[in-house]
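Only one structure is covered here, and it is reproduced in the block below.
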């Protein structure tokens, strides 16, 4: 058995080269690198939210996440939601409106994180996407 770490983009080229060299298709098995590693334990509130989403057939249900609300874009970045985390971070750090409206924009961004954070993380875990 040979273990070769590959990026997703490199795997098809390697498979073509091996097939061209005469390696039979049954002798080649590609598995994800994180297969078999224990997953990080989720908290029970997140499990309850995921079960609620699954109960709706994977549809959105408003839930509240205090950690996402308090830490906002940092929570998104920590969970691997880099695109949405960067967008919320830009809205919070560099509001494009005057000061009083900027505070309202920041509050709205943190409320978005608290209200939709579980759903966004569910999309990443279940559908492997960071977008709606």
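Read-outs: derived from the displayed coordinates by stated rules, not from any lab. Model, not experiment: these values are computed from the prediction. All Cβ positions, glycine included, derive from the backbone under ideal geometry; neighbour counts span all protein chains shown.
Using a simple spin-label model with points 7 Å from Cα along the Cα→Cβ vector, what separation in nm is obtained for residue 43 and residue 83?
Computed distance between label sites residue 43 and residue 83 equals 2.7 nm.
Please determine, in degrees from 0 to 90 and to the nearest 10, the orientation of helix 82-93 with respect to the longest principal axis defined by the Cα atoms of the chain, where the helix direction is its Cα long axis.
20 degrees
Calculate, in nm to one decimal, what residue 70 and residue 6 gain on full extension: separation in residues at 0.36 nm each, minus their alpha carbon distance.
Stretched fully, the residue 70-residue 6 segment lengthens by 19.3 nm.
Given the DSSP H assignment, sum -39500 (n - 2.57) over each helix run of at least 4 residues in the chain and divide by its residue total; what's the result at 222 nm in deg cm²/dmol, nearest 500?
Rounded to the nearest 500, the figure is -16500 deg cm²/dmol.
If one takes the longest principal axis of the Cα atoms in the chain, at what angle in degrees, from 0 to 90 and to the nearest 10, does the Cα axis of helix 11-20 lie?
Helix 11-20 and the main axis of the chain meet at about 10 degrees.
Got a sec? How would 112, 121, 82 order by Cβ neighbour count within 10 Å, fewest to most?
So the ranking, lowest neighbour count to highest, is 82, 112, 121.
With angles folded into 0 to 90 degrees, how steeply does helix 44-55 sit against the dominant principal axis of the chain? Use alpha carbons for both and round to 10.
Helix 44-55 sits at roughly 80 degrees to that axis.
Taking the Cα atoms of segment 92-132, report the difference between the largest and smallest coordinate on each principal axis, in whole Å and largest first.
Here the spans come out as 39, 16, 13 Å, largest first.
Between residue 54 and residue 90, take the C-beta separation as r, use R0 = 35 Å, and let me know the FRET efficiency to the nearest 0.05.
0.65
What does the convex hull of the Cα atoms come to per residue for the chain, in Å³?
152 Å³
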